[in-house]
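Asks: This structure is in structure tokens; I'll ask about it shortly.
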Amino acid sequence: MRWKHMAGLLQGFEVKRIPAVDGNDLDGPEKHDWSRPWCYEALSRYERACILSHRAALQEFLATGDRYGCMFEDDVFISPEFPRFMNDLSWIPEDCNVMKIETCLHESFYSRKTITCLDRRAAMPRSLHFGSAAYIISRQGAKILLEETLKPDRGIDRIMFQPRGLKKLHPVYQLFPALCVQASVQPGGIIFSEMESTVQPKPKPQQAPPPISPTRKTLANKINRELFRPFRQTKNLIESVAQSIGAAVFDWLRGVRRCTVPFA
């Protein structure tokens with residue numbers, strides 16, 4: 001079903017299908033062990049399989065004489081504008097090692113400085129943007145990524161797009177808006193069960209509920225609370241605005257902006 005889905009989206013393009021490595025055939029834990037530091041032993045068998053699948057695709061690309069390879073996982077949706085960008089790759093910067101054309105629709109940091117890519121823009125990521133479902137990679141970038149995945153200690157998207165990976169693969173760009181989005185983050189994107197990801201996200205820590213105070217509410221306490229409520233609200237508003245302005249100024253001084261990459 002996944003291949004049928006992708007074949008329909010990529011009609012008119014020469015596509016090489018790389019059979020994915022099945023995590024069920026590998027050793028390793030069923031889920032990522034987040035209690036351990038970054039190491040290979042903490043990776044789930046499915047994260048290991050994903051890395052091996054990307055390595056196979058990169059090796060297949062390097063066996064060709066092509067300048068760039070466009071890598072897709074098989075659970076993405078593609079913009080109608082995709083063919084226009086793929087039919088002429090002259091918009092990719094000469095020095096580019098990786099052009100991420102996917103978005104996971106979450107907020108990240110990017111360089112304020114952008115470059116023109118046809119009628120879109122591209123910026124350099126300055127923090128982790130999850131996802132490795134759609135990217136264009138140069139031959140040099142593929143060689144670096146193969147080296148970085150020989151002894152992986154984290155998932156493929158973290159290897160590529162965490163600060164360490166961004167430095168190794170520099171320069172890395174993100175296309176705005178993105179041409180692809182993964183089904184799991186697109187509202188209504190899971191159109192058949194096989195599109196569900198088997199790579200587990202990091203669990204959110206469970207917070208204990210606040211303790212219930214046994215203090216008795218007296219009339220004096222109620223009057224005091226209501227009397228000072230406007231002052232507390234004003235104080236909270238001022239602090240919130242100050243924090244937002246401070247963060248914006250700090251980002252500006254660093255030459256970065258905080259935003260979500262749209263899909264279009």
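Quick note: the coordinates plus some simple rules give every number you see, no bench work behind them. All values reported here derive from a predicted model rather than from experimental measurement. Heads up, the Cβs are rebuilt from the backbone with ideal geometry, glycines too, and the neighbour counts pull from every protein chain shown.
Asks: How much FRET efficiency would the formula 1/(1 + (r/R0)^6) give for Arg112 and Thr234, where r is the Cβ-Cβ distance and R0 is 41 Å, rounded to 0.05?
Replies: 0.80
Asks: Let me ask you something else. Please give, to one decimal in nm, the separation of the simple spin-label points placed at Glu14 and Leu227, each 7 Å out from Cα toward the Cβ.
Replies: Placing both labels 7 Å along Cα→Cβ, they lie 8.2 nm apart.
Asks: Once R0 is set to 41 Å, what does the formula 1/(1 + (r/R0)^6) return for the Cβ-Cβ distance between Thr64 and Glu41, expressed as a FRET efficiency to the nearest 0.05?
Replies: Calculated transfer efficiency: 0.75.
Asks: Taking H placed 1.01 Å from N in the peptide plane, check which residues at least 5 places from Arg126 or on another chain put their amide H under 5 Å from its amide H.
Replies: Phe109, Tyr110, Ser111
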